[in-house]
1. State which residue pairs qualify: first residue free of Cβ contacts under 8 Å to residues at least 60 places away in the same chain and closer than 9 Å to residue 67 by Cβ and inside region 99-119, second residue assigned to a helix (DSSP H, G or I) and of a type in the set (Asp, Glu) in any location, beta carbons under 7 Å apart, and separation of 6 or more residues or different chains.
2. Could you tell me which numbered condition residue 72 fails, if it satisfies all but one of (1) over 15 Å from the mean Cα position of the chain (by Cα); (2) touching a residue at least 12 places away in the same chain (Cβ under 8 Å); (3) within 26 Å of residue 35 (Cβ to Cβ)?
3. Are there any pairs with C-beta distances below 9 angstrom linking a residue in region 207-220 that is at positive phi to a residue that is charged (D, E, K, R), with the two at least 6 apart or on different chains, and if so which?
Amino acid sequence: MGIAAPLAQAETLKGQGAEFLTLGTGDFLVPDQSDEVFAANLAKLKAAALPMLACNGFIRPANLRCVGPEANHEEILKWAETAFRRLHEAGGRFMVFGSAGARKIPDGWSREKADEQFVDFLKKLGPIAEKQQVIVTVEQLQASECNYINRLAEGAALIRKAGHPNVRLLADLFHMAVMGDTPQDLKAAMDVVVHMEIAEKVGRTYPGTQGDDFRPYFKVLRESGYQGAISIEGK
C-alpha cells in the first residue's frame, strides 16, 4: 500500500504505514526541463523515507493530443522517452496514464477513429516503456473528467488490441465507483490489471473516512491472485 503525496510528507506517511509514493510526472520527472533539474529531484528522493513506485499525470503539455485531427503522437513519444528514462532512473515501475486533456475526443470526431488512433499510439508507446523497464498503466476516468475510456472494460479492450506487455490497465476504485463498475467488471479485466488506486466515492476521501466497503473488490483481487500494489489517491 502506498499513497500519492509530495516527497516532503514521506517520513510522516511512512510512520502511518505507507510503503511507497506516487509522484507527479510534471513536478518530479520534469520531462520539459534539463537533466540537472531532474538530478536535484532525484537526490531528494534518494534521501526520502519512502521509495517511489509510480508517477501520474503522464502527458502534461496542453498541446499534446492522443486522438482527434490534431493528434501528434511523435511529439508525445519524445516526451515519453524522457519521462520513462527518468522514471527508471528513480527506481519507479509504473507510469499512470490518465491525462484527460490529451486523450479527450474533440467534437465531431468519432469514437471509432479515436480507438484506432489510441491503439496505434499504445503500440508505439509499448516498446519505449519496455526499453526503460517501466509499465504504462492506462487509467479509466469518470465522464465528468474526460469523455474517453470511462469504464474499465473500455480500457481493457483497447489494451488487448494494442497487445504489448508494457501497456496494461490501472483499476481505480474511485472512478469505478463513480461510473458504476462492479466487482464483476474488475474480475473481467484482471488479465490486464497490474496496478490499483483507491479512494472513496463521495469527495474522493481516503478509505475509512466515509466507510465505503471495498471488500467485494478486494475479494476479486484475492481470487485472481493479484500481487500488485494499491496507491491511495484521495484527500
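Throughout, read-outs are computed from the coordinates displayed, never taken from laboratory work. Remember, it's a predicted structure, so these values are computed and weren't measured experimentally. As a convention, Cβ positions derive from the backbone with ideal geometry for all residues, glycine included, and neighbour counts pool all protein chains shown.
1. Hits for this filter: zero, empty list.
2. Condition (2) is where residue 72 drops out.
3. 208/200; 211/200
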